[in-house]
Structure formats: structure tokens, C-alpha cells
Amino acid sequence: MSEEEDKTTREQPPHLKMAEEEPLVKVSGAQLDLLTKMYREMLLIRRFEETTAKAYAQGKFGGFCHLYIGQEAVGVGSINTLKANDYVVSTYRDHGHALVRGLDPRSLMAELLAKRSGIVKGKGGSMHFFDKNKNFMGGHGIVGGHVALATGIGWSIRYRKTDDVCICFFGEGAANIGAFHEGLNLASLWKLPIIFICENNHYSMGTPEYRALSVQDVSIRAVAYDMARDKFEGDDVLKVYNHVNEFVERARRGEGPALLEISTYRFRGHSMSDPAKYRSKEEVEIYKKRDPLTRTARELELSGVPEKELSRMEAEAKETVREALEFAENSEPPPASYLYTDVLV
Ligand SMILES: Cc1ncc(C[n+]2csc(CCOP(=O)(O)OP(=O)(O)O)c2C)c(N)n1
Ligand SMILES: [Mg+2]
């Protein structure tokens with residue numbers, strides 16, 4: 001490809017780079033159980049975040065808040081490949097990852113509302129969910145900085161000689177940060193059991209990918225570190241599960257890390273304060289047609305799940321979220337004495 005052509009390709013709007021939609025698959029047995037479980041988790045995330053957005057607009061809480069709506073299949077498909085002892089490291093866009101990892105929706109909602117019953121006692125908020133009991137290692141606000149943390153976790157796994165693995169999520173913007181490169185280099189050098197998952201939603205705040213990324217695909221950067229890599233669309237949750245699982249199992253066998261680029265899209269703005277005027281309505285609509293929840297519901301129907309059952313799952317998710325908000329609203333704020341606890345002196 002000539003330099004001229006290459007540049008043109010890179011400047012295409014993201015939807016033109018989107019791969020063809022995978023045909024729906026009829027599943028049964030264990031696959032159907034897994035798809036159903038993942039659908040319920042995606043529904044929970046979607047409803048949790050819709051309620052979050054409403055609570056934010058009503059002034060029930062403030063500060064930074066980044067929604068995951070549209071990207072659910074990536075977190076759900078990936079985290080379902082993990083065992084209880086494995087690790088997850090996330091970004092400030094962490095609500096979805098935390099929910100799939102099994103953190104209690106009530107303590108997450110309470111954290112958003114800065115209550116003492118919150119997952120980190122109301123001291124962290126939206127960007128800093130954390131739960132050592134689930135090896136959910138944050139929630140981090142510094143773009144790319146947490147990639148180094150994941151590398152450290154990977155090193156500790158190797159040092160302790162267990163077969164655990166660590167999944168580290170980040171955006172395509174983070175792939176231009178120094179810590180990303182340092183982290184990948186050491187992870188490959190030491191064959192650490194880490195799956196680096198780039199959720200490429202094609203924008204870093206208002207900056208489209210092609211204005212900041214020197215390469216056509218983030219996953220190509222794995223080549224520089226002699227690391228396994230893959231790139232695929234993130235709207236088909238089973239596909240995400242199967243692809244990620246392959247690399248998780250590989251890492252578990254001690255065969256080293258991987259960089260996976262999963263293409264996705266956030267339906268809302270970067271954060272609650274972003275009206276997202278930098279992208280066209282048409283572009284957003286194209287992605288909404290590939291909504292991972294709609295796709296999964298259709299796939300379940302095709303696999304013989306009655307509509308009544310889908311409605312029941314919908315009602316269940318709504319009820320869990322309603323309860324979570326009620327719990328959070330009825331919780332006390334942290335006392336002033338909490339200023340002096342959990343502080344490293
Ligand atoms: C080191 C650093 N620089 C800048 C910011 C401000 N910032 C917050 S999110 C963000 C965009 C990151 O985009 P990406 O990595 O693609 O993740 P996405 O938000 O799309 O999930 C920026 C620049 C920050 N938090 N940290
Ligand atoms: Mg991004």
C-alpha cells in the first residue's frame with residue numbers, strides 16, 4: 001500500500017472500518033446457558049447505567065462519570081473467561097467491568113452516591129471501584145497508568161507460581177501513553193499471564209482515533225514487543241468470549257501475554273458532561289444498529305428462548321437496579337472520621 005493510500009484509509013470515519021456483522025448462531029446446552037448468563041449481565045449493566053445517568057442528571061451525585069453503554073459485550077465476554085482468583089484491572093469507565101466481576105450493584109450505586117456503604121466507603125466514586133475480595137483492582141483515572149499496575153500483578157502471579165491470569169482493559173487513547181509501552185515490553189520479556197484488552201471505541205474524549213494513533217490498528221503494536229495479538233469486533237458477546245478465552249488459556253499455560261484490540265462504540269458522550277458533538281448522528285445510528293444487547297436477544301430467541309423469558313430477565317435487571325438505588329439513597333454518608341482511615345502515612 002502506498003503512503004498516500006495508507007493515510008486515506010486511516011482517515012476514514014470509524015464505521016467504515018467495521019467488519020461485517022457475524023450471522024446469528026443457534027446455540028444449545030452449555031453454550032446457551034453461557035449466552036443467557038451473559039445477556040443478563042449485559043442487561044444489568046445497561047439498566048444500571050441508565051439509572052446512573054438519570055441520578056446524575058437529577059443531581060443525586062456529581063464528579064466524573066463515564067458510561068459504558070454500547071460496549072457491554074466486550075467486558076461481559078472477556079470477564080466471563082476468568083476464574084475467581086484471576087484479576088481484572090479497569091479504567092475510569094469501570095461500572096460494567098465491576099458488575100460482571102460480581103461486585104454488588106448496591107455497594108456500587110452507594111459508591112456513586114458517596115455513601116459509607118459504597119464499595120470503597122464513598123471515598124472513590126465512579127472512577128474508583130475496587131474490591132480485593134473479587135480481585136477487581138480498580139477503577140483508575142490516569143489514562144494508561146494502570147497498564148503498569150497490571151504488569152506488576154502479572155509479575156506477582158508468576159512470582160507466586162499460580163496459574164492465575166490478569167485482564168487489563170484500556171482505551172485506544174491509552175495505547176499512546178508511555179506506561180502502555182513499558183508495560184507490554186516487560187510483560188512480554190517476562191512472559192507474564194496478562195491479557196491486555198484495548199476497547200477501541202474510536203474516540204479519546206473528542207479526538208478520533210486517526211488523529212492520534214500512528215498505526216492502522218492498535219493490535220499491530222504487539223509486534224514491537226513480540227507478543228500474541230488479535231483484533232475483532234466487540235458486538236457479538238459469544239465471539240468475544242471465545243476469542244478472549246483462547247488467549248486466557250494460553251496465558252494460563254504459561255505461554256505469555258497477548259494484546260487484543262476489540263472494536264466497539266460508546267453510545268453516549270465520553271463522560272456525563274460531553275454532548276458528543278464531534279461525531280455525526282448517522283455514525284452513532286450505524287453503531288446502534290449493532291447494539292450488542294439487541295443482537296444477543298435475537299440470538300437467544302433463535303435458540304428457542306421464549307419472549308416471556310426475555311421479558312422476565314429484563315424485569316429482573318430493572319428490579320436489581322431499583323433496589324440498588326433505594327439502598328444507596330437510604331445509606332448514610334461517610335462520617336468525618338473516615339478522612340483519617342485507609343490513608344497510607
Ligand atoms: C494521563 C492522562 N491524560 C489525560 C487525561 C484526560 N482524559 C481522561 S479520559 C481521556 C481519553 C482516553 O481515551 P481512551 O483511552 O480511548 O478511553 P475511552 O475514554 O475512550 O474509554 C483523557 C484524555 C487523563 N485522565 N490522564
Ligand atoms: Mg477510546
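The values are calculated or read from the model by the stated rules, or taken from the named source; none is laboratory data. A quick note: this is a predicted structure, and the numbers were derived from the prediction, not measured. Ideal geometry is used to build each Cβ from the backbone, glycine not excepted, and the neighbour counts take in all protein chains shown. Accessible surface is based on the protein model in full, side chains and every heavy atom, while ligands, DNA and RNA are left aside. Shrake-Rupley method; radii C 1.70, N 1.55, O 1.52, S 1.80 Å.
Of the GluC sites (Glu not before Pro) found in segment 186-274, none is in coil by DSSP with at most 12 other Cβ atoms within 10 Å of its Cβ.
Taking θ as phi - 60° and the Karplus parameters 6.51, -1.76 and 1.60, the scalar couplings of segment 206-212 work out to x, 8, x, 3, 5, 8, 10 Hz in sequence order, x denoting glycine and proline.
Using θ = phi - 60° in the Karplus curve 6.51 cos²θ - 1.76 cosθ + 1.60, the 3J(HN,Hα) couplings for segment 240-251 round to 4, 4, 5, 5, 5, 4, 4, 7, 5, 5, 4, 5 Hz; x is entered for Gly and Pro. Under a 5 Å amide H cut-off, with hydrogens placed 1.01 Å from N, VAL27 pairs with SER303 among residues at least 5 apart or on other chains.
Surface composition of segment 64-292: carbon and sulfur make up 53 percent of the accessible area, probe 1.4 Å.
Seen from ARG250, the other residues with C-beta closer than 13 Å to its C-beta sum to a net charge of -1, counting Lys and Arg as +1 and Asp and Glu as -1. Where only DSSP H runs of four or more residues are counted, the chain gives -13500 deg cm²/dmol as its mean residue ellipticity at 222 nm, each run worth -39500 (n - 2.57).
For trypsin sites (Lys or Arg not before Pro), the sites in segment 116-172 that DSSP calls loop and that have at most 12 other Cβ atoms within 10 Å are LYS161.
Over all distinct alpha-carbon pairs, what is the Kirkwood Rh of segment 296-345 in angstrom? The Cα-based Kirkwood calculation yields 14.5 Å. Positive-end ranking of PRO208, ILE286, VAL147 along the dipole of segment 64-292, with charges on Cβ about the Cα centre, is headed by VAL147. Ranking ASN135, GLN71, LEU259 by how far each Cα lies toward the positive end of the dipole of the chain (charges on Cβ) leaves ASN135 at the top. Sequentially through segment 93-109, phi angles give Karplus couplings (6.51, -1.76, 1.60; θ = phi - 60°) of 8, 10, 4, x, 4, 5, 5, 5, 5, x, 5, 5, x, 5, 6, 6, 5 Hz, Gly and Pro residues having no value and appearing as x. Sorting 210-216, 35-41 by their mean Cβ neighbour count within 10 Å, with the most densely packed peptide first, gives 35-41, 210-216. When the alpha carbon coordinates of segment 118-245 are projected onto the principal axes, the ranges are 40, 35, 32 Å, largest first.
Around the Cα centre of segment 222-345, unit charges on the Cβ atoms of Lys, Arg, Asp and Glu (plus for the first two, minus for the last two) sum to a dipole of about 440 debye.
A Cα-only calculation for segment 249-302 places Rg and Dmax at 16.9, 46 Å. Over segment 56-154, what number does the Rg to Rh ratio reach, with both radii from the alpha-carbon atoms and Rh per Kirkwood? Ratio value, two decimals: 0.95. Restricting attention to segment 99-204, lysine pairs at least eight places apart or on different chains and with alpha-carbon atoms under 20 angstrom apart total 9.
Of all lysines in the structure, those lying under 17 Å Cα to Cα from LYS231, and not within fewer than 8 positions of it along the same chain, are LYS17, LYS239.
About its Cα centre, the dipole of the chain is roughly 900 debye, where the only charges are +1 on Lys and Arg Cβ and -1 on Asp and Glu Cβ. Gain on full extension, evaluated as 0.36 nm per residue between VAL343 and MET18 minus their Cα-Cα distance, stands at 112.4 nm. Over all projection directions, the Cα-based convex hull of segment 13-79 averages an area of 6.7 nm².
Extent of the chain along its three principal axes (Cα atoms, max minus min coordinate, largest first): 61, 54, 44 Å. In the context of the full set of protein chains, residues of segment 151-298 present 42 Å² of accessible surface per residue (probe radius 1.4 Å, heavy atoms only).
The length gained on full extension between VAL215 and GLU309, counted as 0.36 nm times the residue separation minus their Cα-Cα distance, comes to 29.4 nm.
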